[in-house]
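Down below is the structure, laid out as structure tokens.
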Amino acid sequence: MKIVRRISDLRLDGDVGLVPTMGALHDGHVALFRAARAESGTVVASLFVNPAQFGEQSDLAAYPRDEARDAEIAEREGVDVLFAPSPDEMYPAGFGTWVEVSDTGAEGAARPGHFRGVATVCVKLFAVVRPQRAYFGQKDAQQAIVVRRLVRDLGLGIAIRVIPTVRDADGLALSSRNTRLSPEERERALGLPRALAKAAASADPVAAARAELNGLTPDYVEVLDLDGARLLASAVRVGSTRLIDNVLLEGELS
């Protein structure tokens, strides 16, 4: 596996699959790598903690970073190129071009500016890597909706694959933020996937999920449409940690 830090050093030809990540890799990322490996001649993973999508500097500072471990996982899973730029490489002096996407749902309303950062870094990664496909996880469903919309609106010609959420044995969706949970907080956090799963069969899944959250106060509960797949999504805070999750109500991910 080759580690590349500068845009000018990226030399990619042929059929390329891109997995954008911010590191702190877990089995959810592994599922993305394996999906990319199964249908791509060259697999590129980005490793970039994007400062533009963090609203709170404390959250950015606390984000876990372990490049050596991440590189080991990526290489083991067949990644060919790990693109690990610095913030100055992605946002050089004088950078002033941002991608705004309208209607980013309740997640966008709860995190002002977040999806501007997501959209901008994705467009830049697409421009420098030039993949045929890019891979995202279902857990970040609103992110996938935003990325698919910008690809369609800008005519980028990239297929956006959405891979089902990977969960721990107890049902909690895998996330780099899970490491911040104490044992007691983790037990409370399990109320989120349990509430969503139980509410999925209800005639009014939003109301049912709110009723099932058992002391967890959601930022929102909403139904999302991901190109015909309907998902019940919510975000909650457990202690200082914000967690998101969703379950499929109908349709299929693609």
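The values are calculated or read from the model by the stated rules, or taken from the named source; none is laboratory data. All of these numbers come straight from a predicted model, not from anything done at the bench. No Cβ is skipped: glycine too gets one built from the backbone with ideal geometry, and neighbour counts run over all protein chains shown. Keep in mind that these areas ignore ligands, DNA and RNA; they rest on the heavy atoms of the full protein, side chains included. Shrake-Rupley method; radii C 1.70, N 1.55, O 1.52, S 1.80 Å.
Only one of these is under 20 Å from ALA141 (Cα atoms), touching a residue at least 24 places away in the same chain (Cβ under 8 Å) and among the hydrophobic types (A, V, I, L, M, F, W, C): ALA109, ALA84. Name it.
On the way: ALA84 fails: under 20 Å from ALA141 (Cα atoms).
Exactly one residue qualifies, and that residue is ALA109.
Are any residues in segment 88-108 within 19 Å of the chain's Cα centre (by Cα) and in a helix (DSSP H, G or I), and if so, which ones?
Those that are within 19 Å of the chain's Cα centre (by Cα) and in a helix (DSSP H, G or I): MET90, GLY105, ALA106, GLU107, GLY108.
Counting just the residues of segment 38-54 that are without any contact (Cβ under 8 Å) to a residue 60 or more places away in the chain and over 16 Å from the mean Cα position of the chain (by Cα), which one comes out most open to solvent (accessible area, probe 1.4 Å)?
Filtering segment 38-54 for residues that are without any contact (Cβ under 8 Å) to a residue 60 or more places away in the chain and over 16 Å from the mean Cα position of the chain (by Cα), the one most open to solvent (accessible area, probe 1.4 Å) comes out as ALA38.
(1) within 26 Å of SER234 (Cβ to Cβ); (2) among the charged types (D, E, K, R); (3) out of contact with any Phe, Trp or Tyr (no Cβ under 7 Å at 6 or more places or on another chain); (4) modelled with pLDDT of 95 or more: which one isn't true of ASP103, the others all being true?
(4)
Mind listing whichever residues of segment 15-35 are among the small types (Gly, Ala, Ser) and closer than 27 Å to TYR91 by Cα?
Taking segment 15-35 first, the residues among the small types (Gly, Ala, Ser) are 17, 23-24, 28, 31, 35.
Within segment 15-35, GLY17, GLY23, ALA24 meet the criteria.
Just to be sure before I move on: is GLY78 small (Gly, Ala, Ser), open to solvent by 40 Å² or more (accessible area, probe 1.4 Å) and not in a helix (DSSP H, G or I) in the structure I sent?
Working: small (Gly, Ala, Ser): yes; open to solvent by 40 Å² or more (accessible area, probe 1.4 Å): no; not in a helix (DSSP H, G or I): yes.
In short, no.
Could you tell me whether PHE95 is in contact with a helix residue (DSSP H, G or I) (Cβ under 6 Å, 6 or more places away or on another chain) and either modelled with pLDDT of 95 or more or open to solvent by 60 Å² or more (accessible area, probe 1.4 Å) (or both)? Even if it seems obvious, please write down each step before you answer.
On the way: in contact with a helix residue (DSSP H, G or I) (Cβ under 6 Å, 6 or more places away or on another chain): no; either modelled with pLDDT of 95 or more or open to solvent by 60 Å² or more (accessible area, probe 1.4 Å) (or both): yes.
Taking the combined requirement at face value, the residue does not satisfy it.
Of all residues in segment 230-247, count the ones that are in a strand (DSSP E or B), in contact (Cβ under 8 Å) with a residue 60 or more places away in the chain and of a type outside the set (Val, Ile, Thr).
Step one: of segment 230-247, the residues in a strand (DSSP E or B) are 230-238, 241-247.
Filter again for in contact (Cβ under 8 Å) with a residue 60 or more places away in the chain, leaving 231, 233, 235, 241-246.
With of a type outside the set (Val, Ile, Thr) added as a condition, the list becomes 231, 233, 235, 242-243, 245-246.
Looking only at that region, the number is 7.
Given (1) farther than 11 Å from LEU249 by Cα; (2) aliphatic (A, V, I, L, M); (3) crowded, with 21+ Cβ neighbours inside 10 Å, where does LEU231 come up short, assuming only one miss?
(1)
The rows are residues; the columns are (1) open to solvent by less than 50 Å² (accessible area, probe 1.4 Å); (2) part of a helix (DSSP H, G or I); (3) within 20 Å of ALA45 (Cβ to Cβ); (4) of a type in the set (Phe, Trp, Tyr).
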residue: VAL121; (1), (2), (3), (4): yes, yes, yes, no
residue: LYS124; (1), (2), (3), (4): yes, yes, yes, no
residue: VAL128; (1), (2), (3), (4): yes, yes, yes, no
residue: VAL147; (1), (2), (3), (4): yes, yes, yes, no
residue: ILE160; (1), (2), (3), (4): yes, no, yes, no
residue: LEU196; (1), (2), (3), (4): yes, yes, no, no
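What is the residue count in segment 130-145 for residues that are part of a helix (DSSP H, G or I) and either over 23 Å from LEU174 (Cα atoms) or open to solvent by 10 Å² or more (accessible area, probe 1.4 Å) (or both)? Lay out the reasoning, then the answer.
First, pick out the residues of segment 130-145 that are part of a helix (DSSP H, G or I): 138-145.
Adding the requirement that they be either over 23 Å from LEU174 (Cα atoms) or open to solvent by 10 Å² or more (accessible area, probe 1.4 Å) (or both) leaves 138-140, 142-143, 145.
Result for segment 130-145: 6.
Residues of segment 179-190 being out of contact with any Asp or Glu (no Cβ under 7 Å at 6 or more places or on another chain) and either free of Cβ contacts under 8 Å to residues at least 24 places away in the same chain or open to solvent by 20 Å² or more (accessible area, probe 1.4 Å) (or both), which ones?
Within segment 179-190, the first condition is being out of contact with any Asp or Glu (no Cβ under 7 Å at 6 or more places or on another chain), and the residues that meet it are 179-189.
THR179, ARG180, LEU181, SER182, PRO183, GLU184, GLU185, ARG186, GLU187, ARG188 - these are the residues of segment 179-190 that are out of contact with any Asp or Glu (no Cβ under 7 Å at 6 or more places or on another chain) and either free of Cβ contacts under 8 Å to residues at least 24 places away in the same chain or open to solvent by 20 Å² or more (accessible area, probe 1.4 Å) (or both).
Residues in segment 198-218 that are under 16 Å from ALA173 (Cβ atoms), open to solvent by 10 Å² or more (accessible area, probe 1.4 Å) and touching a helix residue (DSSP H, G or I) at 6+ places or on another chain (Cβ under 6 Å): how many?
Let us first name the residues in segment 198-218 that are under 16 Å from ALA173 (Cβ atoms), namely 198-200, 209, 213, 216, 218.
Checking which are open to solvent by 10 Å² or more (accessible area, probe 1.4 Å) leaves us with 198, 200, 216, 218.
Filter once more, keeping what is touching a helix residue (DSSP H, G or I) at 6+ places or on another chain (Cβ under 6 Å): 198, 216.
So the count comes out to 2.
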